[in-house]
1. Quick test for you: out of 60, 64, 76, pick the one residue that is closer than 25 Å to residue 333 by Cα, assigned to a helix (DSSP H, G or I) and without any contact (Cβ under 8 Å) to a residue 12 or more places away in the chain.
2. Working only within region 355-369, note down all residues that are farther than 12 Å from residue 397 by Cα and crowded, with 19+ Cβ neighbours inside 10 Å.
3. Quick one: which residue in 368, 303 is over 30 Å from residue 31 (Cβ atoms), in contact (Cβ under 8 Å) with a residue 60 or more places away in the chain and within 19 Å of the chain's Cα centre (by Cα)?
4. Can you name the residue in region 23-57 that is without any contact (Cβ under 8 Å) to a residue 12 or more places away in the chain and assigned to a loop (DSSP other than H, G, I, E, B) and, of all such residues, is nearest to residue 390 (Cα to Cα)?
5. May I ask you to say which residue of 225, 243 is part of a helix (DSSP H, G or I), at pLDDT 85 or above and more than 30 Å from residue 320 (Cα to Cα)?
6. Quick check: is even one residue across region 210-217 in contact with a helix residue (DSSP H, G or I) (Cβ under 8 Å, 6 or more places away or on another chain) and at pLDDT 85 or above?
7. Which fully enclosed helices (runs of 4 or more DSSP H) of region 247-333 have 1 or more residues being buried (at least 20 other Cβ atoms within 10 Å of the Cβ), in contact with a strand residue (DSSP E or B) (Cβ under 7 Å, 6 or more places away or on another chain) and at pLDDT 75 or above?
8. Please work out which one of (1) modelled with pLDDT of 90 or more; (2) in a loop (DSSP other than H, G, I, E, B) is the condition residue 84 fails and give its number.
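The values are calculated or read from the model by the stated rules, or taken from the named source; none is laboratory data. Please read these numbers as outputs of a predicted model, since none were measured by experiment. Cβ sites come from the backbone with ideal geometry, for glycine too, and all protein chains shown count toward neighbours.
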């Protein structure tokens, strides 16, 4: 099994190199959305395989979990590699000519969805209102947190213990991500200084939230569009410098959250935590879950819990049992009030619910939508009709995120609420002749 897994990993790494050269570099781009997303997926699934096998993982897992993980690692990898193959197939469906109009219909539907984030992107005053609201809620929660824990940056652990605050904290975080992302985009495109101040305030507050993902999510749209827009003028050393700076900041925040901040620990984390920590070890953690799993599929119960994300877990016994984080935590013996759950990769939840059929459907869906976003953004940058339009495609990724992992249900509902509220607010403001734009 090790030999088979190794051969599969080498094949997909080489396939990525060939795909990048043929469909990205030869097409006049040094980076595009498709390969930016694919390289991190390829790294997590294929490049990390030998590190996931290492006995050094015992420092992250402990002896008991290590014993459960090792026999299941090749199975977890091959399931993930199988799903990765269907992402590639899904991305190629745009080349398939069936004459049924399926491509045009699906493209029209997704293009209609883009109109909602574009409406908000064109409305700077609404961005200021939502961003300011997020700041007020986040600072209130942080202040309450400081009264219990003192000056610290591990709010996520605090919200696990106080579940009644978790929906409010998550709502503020998702609101901050969308507002901060559009604020940064408007500053880059129009140099609106108020938007820069809003973005910086949200980033600073996110540091005390202890969330690396929030800051990354606020900047990812602008960074992606910038990388694609550079085309062949992009210098790889600049891209690598940005990536290294992001990793350095991420591990610095992680050390501060653990209340063990030292320069030596941060530098050590750049190697140890990246390859043997929890940042890119999704396949390893998937193997841990498979080691405890009894083989009975959940048949969509975690997806149903995700669809009910608008109901707080402490108010729903069903969600309190079947939420993705609760399921993965309890399977391996952790308490959901002490552990948010394991990240088991792009295909872990689909496999636990529907087996390989679920893996195929997730792979095809993600590949199809991601390639559509990639082609659409390139088309808009080639013939710009609206400077904010390329950024409006990125929130479509929230649908992909939910398909992969139902913990994104809260984020998706927040976006739907936010865009509908923006539409209603603009209608009202126009009726009373007080435009928000």
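1. 64
2. 358, 359, 360, 362, 363
3. Selected residue: 303, the only one of 368, 303 that is over 30 Å from residue 31 (Cβ atoms), in contact (Cβ under 8 Å) with a residue 60 or more places away in the chain and within 19 Å of the chain's Cα centre (by Cα).
4. Per the criteria, the residue is 27.
5. Just a single option satisfies the conditions, and that option is 225.
6. Initial filter on region 210-217 (in contact with a helix residue (DSSP H, G or I) (Cβ under 8 Å, 6 or more places away or on another chain)): 210-212, 214-217.
From the residues that got through so far, the ones that are at pLDDT 85 or above too are none.
No, there is no match, as no residue in region 210-217 is in contact with a helix residue (DSSP H, G or I) (Cβ under 8 Å, 6 or more places away or on another chain) and at pLDDT 85 or above.
7. Qualifying helices (runs of 4 or more DSSP H): none found.
8. Residue 84 satisfies every listed condition except (2).
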